[in-house]
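The values are calculated or read from the model by the stated rules, or taken from the named source; none is laboratory data. As the structure is a prediction and not an experimental result, all values here were calculated from the model. Positions of Cβ are generated from backbone atoms using ideal geometry, with glycine treated the same way; all protein chains shown enter the neighbour counts. With ligands, DNA and RNA removed, areas are computed over all heavy atoms of the protein, side chains included. Shrake-Rupley method; radii C 1.70, N 1.55, O 1.52, S 1.80 Å.
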Amino acid sequence: MLEIIKSAFYGLVQGLTEFLPVSSSGHIAILKNTFGLDFDDSILFTLILHLGSLVAVFIIYFQDIKKLFIGFFTLMAKIFTGKFKYKNLSAGERFVILVFIATVPLVAGAFIDKQIEILSDYTKIVGFFLIINAVILFFSGMIKTGDVTEKTAKPSNAVFVGLCQLIAVAPGISRSGSTITGGLLNGFNRQFAVKFSFIMSIPAILGASVFKAADFATSDIEITGSMIASCLTGFIFAFVSGIIAIVLMNMIIRKKNFTVFSIYCLIVGIIALIFG
């Protein structure tokens, strides 16, 4: 029963912090360092938590993702038939290109993933990055609202947002906070900044999941009934809390700032620095 409660708690933390701009990696690292994540199947468990968050994105942005799929195939048709002209692309086709370009910098992140992951073992370092995240969120509220959407965004905008996502590989720097702030700096309107950030999370989460799956496949972990129960519980709570977090973010973005999250990250960061 204790393991189920712990699984639910970790799932709740994963779902909320994945999409609220407070850094899921930072919170998971602090919890692991402070209380210990003593699941023998931690690799599989982490993978399942990420998949729960991923499904939440698919549910909320199903219509946009469907347009992306359609846009991908029509884009390929235009490329192979020699009819490709960026200015003549549909919004869905542009969105495909933007997401692809924004994801490219993460390839570089894959090569330093193991080195960065080591930083998660040091709570004080995580606390330092959380304070940096607080500063990023504070200044994001000062950025004027733009009017750029998927219909008018340029590849250069996607490059910048992608680089912001790369910065968020550091434990304590929020991926959503960094990419939304990057979008706002590029003149994105606030709704599009949030949507682009969350849809960008799909290849990011899928990529991380592939590496986790590879680690699990090469491990000698046996799948037990208790392991399945823990993973299922974590998945459900990550999924439900992820949906709640995405809905909250779309409501909060209308108020134009992340002050409450900035204060929260500052407090947690200072506590981690002092007691880590």
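So what is the relative contact order for the stretch 130-276, in percent, with contacts set as C-alpha pairs under 8 Å and at least six apart?
Values: 122 pairs, mean separation 58.4, N = 147.
So the answer I get is 40 percent.
Relative contact order for the chain: what percent, with Cα pairs under 8 Å and sequence separation of 6 or more?
Working: 420 pairs, mean separation 108.5, N = 276.
Rounded, it is 39 percent for the chain.
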With the full set of protein chains in place, find how many percent of the accessible area of the chain is carbon and sulfur; take the probe as 1.4 Å. 73
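Need the full-extension length gain, Met142 to Ile118, defined as separation in residues times 0.36 nm minus the C-alpha distance. One decimal, nm. Mind showing how you got there, number by number?
Details: separation 24, 0.36 × 24 = 8.64 nm, distance 3.37 nm.
Taking 0.36 nm per residue and subtracting the Cα distance, the gain is 5.3 nm.
Enter the accessible area per residue of the stretch 13-159 (Å², integer; probe 1.4 Å; all protein chains in place).
Heavy-atom accessible area per residue stands at 53 Å².
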Quickly work out the Ile65-to-Arg254 label distance, labels modelled 7 Å from Cα along the C-beta direction, and quote it in nm with one decimal. 2.4
With +1 at each Lys and Arg Cβ and -1 at each Asp and Glu Cβ, the charge dipole magnitude of the stretch 35-148 around its Cα centre, to the nearest 20 debye, comes out at 960
Ignoring ligands and nucleic acids, what accessible area does Tyr122 show with a 1.4 Å probe (Å², nearest 10)? 120
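For the stretch 1-106, what is the relative contact order in percent, using Cα pairs closer than 8 Å and at least 6 residues apart in sequence?
Working: 43 pairs, mean separation 19.9, N = 106.
Averaging sequence separation for qualifying contacts and normalising by length gives 19 percent for the stretch 1-106.
Which value, in debye to the nearest 20, describes the size of the charge dipole of the chain about its Cα centre when Lys and Arg Cβ atoms bear +1, Asp and Glu Cβ atoms bear -1, and nothing else is charged?
On the way: 21 positive and 15 negative charges, 339 e Å.
About 1620 debye.
Per-residue counts of other Cβ atoms within 10 Å, averaged by peptide: what ranking do you get for 266-272, 91-97, 21-27, highest first?
On the way: 266-272: 18.9, 91-97: 21.1, 21-27: 26.4.
By packing density, highest mean first, the sequence is 21-27, 91-97, 266-272.
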In the full protein assembly as shown, how much of Val194 is accessible to a 1.4 Å probe, in Å² to the nearest 10? 0
